[in-house]
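Written out below as structure tokens is the structure these notes cover.
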Amino acid sequence: MADGSDRDRLAAFLDEGRAEEAARARGRERWARQVAAEAATFAATMLDLAEHGEHVTLTTIAGRSHQGFLRAVGADFLQLQTPAGLPLYVRTEAVLAVRPARGTRRDEAAGERDTAAAPTLHEVLALAVGDRPRVHVRAGTAEPLAGELRAVGDDVLSLRLEETRATVYVRLAAVTEVAVVG
């Protein structure tokens with residue numbers, strides 16, 4: 001029959017084993033987070049935010065700031081739903097930073113999913129052209145071109161300007177933002 005000191009030693013031994021296992025588990029968890037962070041891509045991080053319907057502030061390299069719900073991640077763009085409920089497409093290469101709304105706690109970027117099979121900005125605009133949407137098209141820091149989207153070619157957009165009703169041809173590769181306004 002074991003006396004009290006044997007039971008105490010056994011309890012201490014078991015406690016020590018549980019503490020060591022808990023420390024190893026924390027180490028494995030830290031290692032898994034580090035591996036995920038080191039393999040992180042911007043696209044995968046944005047996909048995660050979009051899947052959660054996060055409200056974000058998106059800042060462009062031209063210094064513009066947009067707020068809205070991140071709704072989609074294309075092969076070369078992010079789509080926000082503006083406070084007016086309309087889509088805003090921002091070319092990924094024009095994005096400087098995306099910040100989730102205050103109060104939303106997010107960890108480091110993680111994941112390495114691919115968006116290569118997702119639609120491109122060209123494809124999205126080509127689908128929209130049949131509705132003749134009113135758009136504001138931006139290229140970097142230039143003033144936006146406001147008008148009706150009339151056609152989308154291989155590398156050119158045709159816009160009928162609101163003010164002059166003249167048609168202007170926009171080099172698609174130069175476009176950094178397209179806001180649908182009506």
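Sort out which residues of segment 158-172 are surrounded by 13 or more Cβ atoms within 10 Å (Cβ to Cβ) and within 25 Å of the chain's Cα centre (by Cα), and write them in order of number.
Scanning segment 158-172 gives a single hit, L172.
What are the pairs with Cβ atoms under 6 angstrom where one residue, in segment 160-181, is under 24 Å from I61 (Cβ atoms) and the other, located anywhere, is of a type in the set (D, E) and exposed (fewer than 14 other Cβ atoms within 10 Å of the Cβ)? Sequence gap at least six, or different chains.
What qualifies is L172/D155.
Going through segment 51-97 one residue at a time, which ones are hydroxyl-bearing (S, T, Y) and either in a loop (DSSP other than H, G, I, E, B) or free of Cβ contacts under 8 Å to residues at least 24 places away in the same chain (or both)?
S65, T82
Please pick out the residue among A72, A101, A128, A117 that is open to solvent by 80 Å² or more (accessible area, probe 1.4 Å), small (G, A, S) and closer than 24 Å to L47 by Cβ.
Answer to the check: A117.
The values are calculated or read from the model by the stated rules, or taken from the named source; none is laboratory data. The model shown is predicted, which means the values in this text are computed figures rather than measured ones. Note that each Cβ is placed from the backbone with ideal geometry, even for glycine, and that neighbours are counted across all protein chains shown. In case anyone asks, the SASA skips ligands and DNA or RNA and just uses the protein heavy atoms, side chains included. Shrake-Rupley method; radii C 1.70, N 1.55, O 1.52, S 1.80 Å.
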